[in-house]
Structures are given as structure tokens and as C-alpha cells.
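In what follows, a structure is listed as C-alpha cells, so that the remarks can point back to it.
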Amino acid sequence: MSETTAKLTLGDETYEFPVLSGTVGPDVIDIRSLYAKSGLFTYDPGFTSTAACDSAITYIDGDKGELLYRGYPIEQLAAKSSYIEVCYLLLYGELPSKAELADFENRVTRHTMVHEQMHYFYRGFRRDAHPMAIVTGVVGAMAAFYHDSTDISDPMQREIASIRMVAKLPTIAAMAYKYSVGQPFVYPRNDLDYASNFLHMCFAVPAEEYKVDPVVAKAMDRIFTLHADHEQNASTSTVRLSGSSDANPFACIAAGVACLWGPAHGGANEAALNMLREIGTVDRIPEFIERAKDKNDPFRLMGFGHRVYKNYDPRAAVMQESAREVLELLGVENNPTLQVAQELEKIALEDPYFVERKLYPNVDFYSGIILDAIGFPTSMFTAIFALSRTVGWIAQWKEMIGDPQKKIGRPRQLYHGATTRDYVDIAQR
Ligand code: SDX
């Protein structure tokens, strides 16, 4: 309930709006009645000051650099939990008991195969198609294969569609990778955990047995956890807006995948590693720092900055630690890319341009270094982000569908176009 109100005075009219509070974080001014009362819209391109929904899933404090999944700090979950347990937490709101976790993991495991016809769907793509182009297409096509879980009004179908997508996204992403390298698809295996199964589907070949390195699997699992959800980011907002029209869940998640692909968002992990490679050596860092500061140069430090974090992205800190561990295990601790990344971070965080704008490394700055060391091409990085984020998108989509206040999202605009004018025949133009 709102305790206080906000007053807006326009000319000789004053309008009052309730101020609502959550459990933590900024209060909001409930302006839903603004247009009806005043005939005015608010104006907030990019939604820098707009809360678009109620949610109880993920909380971010950008000033503190704090990230909570259902109240649990990301650092604790990365250190003590597993991705499959984090999936349960995000979807159902509480940490599972041992029995609940075993049941959930079994349900996911039993849905990891895709419809065999999908193999032919892949064959329609060029071999050099970007994996994200394939994943976007295939996830949307899931509605053509799983008609029995597209009715969003049926809670059972919503649950089955959710489990199917959490289970099948790694298979779909791994198939996109296999297709791009001309190797046969590798079926999922029910005796492997989630991360190991993904690594096996990506790197196993029929010619010999592939043993998953447990340290690499743990690093992979941690990367999944760090990317699982992140409040109302661009792709999650895309999923919510798509879901507000009652579109089927596969179409909504495919919309999220498409949005995530952008280099300003999930595509930044691929762009960040490409940038670090372009810099190449520590002595070239100043040149790129200057370019990032030059308003006439579109170049930005990829993997740096964030709309919400005005402090260090807590995921980047965990990711950096994980990068060191994996590189040490793989015997590439003197990885030149990691050295450039750490030196770039150090120099940038001492430069007034970045300090004044509170630009810190984000989740995408170090993740590519680990994925590259594990053996993934840069083109797979965002597909891995997408499979990790699928559970977050689904949790947010389920929350929206179940929200009694659910309405179709339909923003308005500040119109600067032509006013009414009559059609002119082409003979007179
Ligand atoms: C993700 O929202 C989420 O939660 C996303 C995400 C998730 O988990 O879902 O966290 C994942 O998308 C992380 C962000 C990945 N993107 C990048 O690393 C791309 C590079 N970063 C930027 O493009 C930018 O920082 C954004 C897009 C991330 C945030 O942009 P904002 O909040 O709209 O900020 P802005 O563009 O208005 O920048 C503010 C100022 C500007 O300078 P001034 O006009 O004030 O002089 O900071 C500058 C910008 O030019 N700036 C940068 C910069 N990022 C911002 N300058 C150089 N390099 C950068 N990376």
C-alpha cells in the first residue's frame, strides 16, 4: 500500500499520485492515471527512470554492486550452488530440498533431446551462419514441434514449456556449434550434469571418447549461473513485452534471444574478446582508451559500463577469478589476452573519463577469455549467454503471466512527424 503521494503541478492544476514501496530499492511513483487525469504522457526513452513491472525474482543495487537471485547474493550462489539449483531457485522462488532438486534435475534431464525433425531444420542454414542466427530461428521454431505446450492459459503447459526450454537450449546451442564446424550432432547424455552435458555435446566426436574435465565443467556451470537472470534488462523486457500479447512461450524466448544478440547487450562478450585481441599487447592500450573517449569515434570499450551498475559488476569479479583458475588449469596462465584485459581494466579505472562516468568492467569483460580458453569460437559466446539466460527469461515470463495486473504493453510517444495533410496525385508532385 502507498503511504505517501507525489504531487505534479502544471499551470494551475495539481495532480497527486501514490508512491509505492517494494521490500528494497527505490520507491516508485504510480503514474498509471497520469494520462487520464492530465492528458500528458511521461517521456523516458531507454527507460532510465521507469519501473515497468513488479517483480520478486532478481534485485540489483547498482551503487553497491550487489546482485541477488531471490535474495541470495550472486557471490554465494556462484561459490556454493549449481546452475540447476539456481534454475530451481529462479523458477520456484526457494532453494530446493535434496529430493526437490533431484526431481527437478531428473525432469530437466529427460527433456534434453530435441525432436529428430529439428536435425533437418538445421540443414537449411548455411554452414557459416552465426550460431545466434541459428539459435534465434530454432527456438522460435520450437512452437512448430511442441504444440502441446503453447497454450499459456494452461499452467501445466506453461510448466512443460519452461522445462523443455531450460533442458533443450544447451542441445540447440551445441547443435548450432557442431553444424558450424561440420561435425555430426552429439546427443545429450542422461548420466552427465547440465554443464558437462553441454561440453560433451559441443566437443565430443564419434571417433573417440570425450572426457569432460571437472574443473572446466565447474567453470562452465559457474558461467551459466552468473548469466542466469538480471532484472529488467533489454532482452528480459523484450520477453515480457512479447509475453504481454499472450504469444506462445517459445516465441517470447526467441524474441529475447534476438535482443540479446546486440553488441550493446549480450553480444558484448564476443565484441569484448575481439577488442582485446585487436589491442593485442599492453603497449597499445592507451591508443584504444583514447578512442573510447573520443566522441567522434564510435568505438567503445566492450565489456565496460552498465546502465545499472555504477560500481563493479559483481559477476565480473567472480568471472575474473574463474578466468585465472581455468587458465592456470589449462596451463595458459600467461594468456596475453588476460594480461591485456587486466591492464586495460587497471588503466581505465584510473582514468577520469571512466571514473567520472562510473564505467566498470561488466559481466562480458572476462567471460570471453574463459570461453576462448575452454575452446569455444567467439561466435558461440552469445549463444552460451542465451542458454544461460533462458531460465531467467522464463522465470520473468511466468511471473508476468501470473500477474493479476497483466496488461498488454503498449507505450506511447512524443510525436514530431507531419500533421494532417491531403494526398497529392503523382501528376501534381
Ligand atoms: C549486458 O542491462 C543489463 O542488465 C544487461 C546485462 C545483463 O545481464 O542482462 O548486464 C548484460 O548487456 C552488459 C553490458 C554489455 N555491453 C557492453 O559492454 C557494451 C559497451 N557498454 C556500453 O555500450 C554502455 O555502457 C551500455 C550500453 C552497457 C550502457 O549504456 P547506457 O547506460 O545507456 O549509458 P550511455 O550509453 O548513456 O553512456 C553514458 C556515458 C556516455 O558518455 P557521455 O555522453 O556522458 O559523455 O558513458 C559513456 C557514453 O559515451 N560510455 C562509454 C562506455 N559505456 C558508456 N564510453 C566508452 N566505452 C564504454 N563502454
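The values are calculated or read from the model by the stated rules, or taken from the named source; none is laboratory data. All values reported here derive from a predicted model rather than from experimental measurement. Counting neighbours? That spans all protein chains shown, and the Cβs are built from the backbone with ideal geometry, glycine included. Ligands, DNA and RNA are stripped out before the accessible areas are found, and what is left, the full protein with its side chains, is counted by its heavy atoms. Shrake-Rupley method; radii C 1.70, N 1.55, O 1.52, S 1.80 Å.
The table below gives the values:
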{"item": "Shape metrics for the stretch 117-250, restricted to C-alpha atoms - Rg then Dmax, Å", "result": "16.1, 48"}
{"item": "Phi-based couplings in Hz for the stretch 35-40 (Karplus 6.51, -1.76, 1.60; Gly and Pro marked x)", "result": "5, 5, 7, 10, x, 10"}
{"item": "Accessible carbon and sulfur surface of the chain relative to its total accessible area, %, 1.4 Å", "result": "53 percent"}
{"item": "Gyration tensor (alpha-carbon) shape descriptor, the stretch 1-58, a/c threshold 1.5", "result": "oblate"}
{"item": "³J(HN,Hα), Karplus 6.51/-1.76/1.60, whole Hz, each residue of the stretch 376-383, x for Gly, Pro", "result": "7, x, 4, 5, 8, 4, 6, 5"}
{"item": "Value at 222 nm in deg cm²/dmol, rounded to 500, when DSSP H runs of n ≥ 4 in the chain each add -39,500 (n - 2.57)", "result": "-15500 deg cm²/dmol"}
{"item": "Amide hydrogen neighbours beyond the local backbone of ALA6, cut-off 5 Å, H modeled", "result": "PHE17, VAL19"}
{"item": "Sites ASP351 and TYR423, calculated FRET efficiency, Cβ-Cβ separation with R0 56 Å, nearest 0.05", "result": "0.50"}
{"item": "Distant-in-sequence amide H partners of SER244 (H built 1.01 Å from N, under 5 Å)", "result": "GLY409"}
{"item": "The chain: relative contact order in percent, alpha carbon pairs under 8 Å with at least 6 residues between", "result": "19 percent"}
{"item": "Options GLN342, MET400, TYR366, ranked by Cα towards positive dipole end of the stretch 289-427, top entry (Cβ charges)", "result": "MET400"}
{"item": "Alpha-carbon Rg/Rh ratio, for the stretch 303-414, with Rh computed the Kirkwood way", "result": "1.10"}
{"item": "PHE288, PHE304, PHE41, reordered so the largest accessible area comes first (probe 1.4 Å)", "result": "PHE41, PHE304, PHE288"}
{"item": "Global geometry of the stretch 284-346, whether rounded, prolate or oblate, following the gyration tensor of its Cα atoms and the 1.5 cut on a/c", "result": "oblate"}
{"item": "Accessible area in the full protein assembly, largest first, 1.4 Å probe, for LEU95, LEU101", "result": "LEU95, LEU101"}
{"item": "Test item: Cα-centred dipole of the stretch 118-259, Lys/Arg +1 and Asp/Glu -1 on Cβ, debye", "result": "420 debye"}
{"item": "Gyration tensor over alpha-carbon atoms, the chain, equivalent ellipsoid semi-axes in Å", "result": "36, 29, 24"}
{"item": "Shape call, the stretch 159-211: gyration tensor on alpha carbons, a/c limit 1.5", "result": "oblate"}
{"item": "Trypsin sites (Lys or Arg not before Pro) within the stretch 56-106: DSSP coil, no more than 13 neighbouring Cβ in 10 Å", "result": "LYS64"}
{"item": "³J(HN,Hα), Karplus 6.51/-1.76/1.60, whole Hz, each residue of the stretch 226-237, x for Gly, Pro", "result": "5, 9, 5, 7, 7, 6, 9, 5, 4, 6, 5, 5"}
{"item": "Where the stretch 17-56 is the region considered: accessible area per residue in Å², 1.4 Å probe", "result": "74 Å²"}
{"item": "Accessible surface, per residue, of the stretch 269-333 when the full set of protein chains is kept, probe 1.4 Å, Å²", "result": "50 Å²"}
{"item": "Cα-based reach from LYS310 at 27 Å (exclusive), listing lysines while leaving out same-chain residues under 8 positions away", "result": "LYS64, LYS80, LYS293, LYS295, LYS346, LYS358"}
{"item": "Förster radius 30 Å - calculated FRET efficiency between HIS416 and THR9, Cβ distance, rounded to 0.05", "result": "0.70"}
{"item": "Area of CYS53 that stays accessible when all protein chains are in place (1.4 Å probe, Å², to 10)", "result": "50 Å²"}
